[in-house]
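Here's the structure we're looking at; comments come further down.
The values are calculated or read from the model by the stated rules, or taken from the named source; none is laboratory data. Here the structure is a predicted model, which is why all the values come from computation and not from measurement. Virtual Cβ from ideal backbone geometry, glycine too; neighbours counted across all protein chains shown. Side chains are part of the model used for accessible areas, which takes the heavy atoms of the whole protein and leaves out ligands, DNA and RNA. Shrake-Rupley method; radii C 1.70, N 1.55, O 1.52, S 1.80 Å.
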Amino acid sequence: MPIYEYSCPQCAAFEVIRPMEAAADAQACPTCGSEARRKISAPHLSRTGTAAFSLIDSTHRSASEPQVVTGTLPSANSRRTPSYSSHPLHQKLPRP
Ligand SMILES: [Zn+2]
């Protein structure tokens, strides 16, 4: 959903996230309640679709919609590499 900016004559500017069909030209200020006019601003399209934007978006989304892990983590023994080598030439190396 797009973000609309409104400027209150009494307070500072504020942003409202609304569907396009519900965006009004005037909005009540959440601080003082007076009528705020919608500002015309440039859309923030430059970051969308980039890896940085998807990282920021997933970071913001994880705060409210954490991903649920199903199943168990692999045990520590299955991830450990063997301490010996199966290469035949390594068998000829001197042992401690
Ligand atoms: Zn205000």
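Tabulated data for the structure shown
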| item | result |
| --- | --- |
| Ala42 paired with Phe14, simple spin-label distance in nm, labels 7 Å along Cα-to-beta-carbon | 2.7 nm |
| Net charge, Ala13 excluded, C-beta distance under 11 Å - Lys, Arg +1, Asp, Glu -1 | +1 |
| Cα-based convex hull volume of the stretch 1-42 per residue, rounded to whole Å³ | 63 Å³ |
| Within-11-Å neighbourhood charge of Arg38 [Cβ basis; K, R +1; D, E -1] | -1 |
| Whole-percent carbon and sulfur share, accessible surface of the chain, 1.4 Å | 57 percent |
| Linear extension gain, Ser86 paired with Ser64, 0.36 nm per residue minus alpha-carbon span | 3.1 nm |
| Å² per residue, accessible surface of the stretch 1-42 at 1.4 Å | 71 Å² |
| For the stretch 65-70, 3J(HN,Hα) per residue [Karplus equation, 6.51 cos²θ - 1.76 cosθ + 1.60, θ = phi - 60°, Hz, x = Gly/Pro] | 10, x, 6, 8, 8, 10 |
| Helix 51-64 axis, angle to the chain major axis (alpha carbon atoms, nearest 10°) | 80 degrees |
| For the chain, projected area of the alpha-carbon convex hull averaged over all directions, nm² | 14.1 nm² |
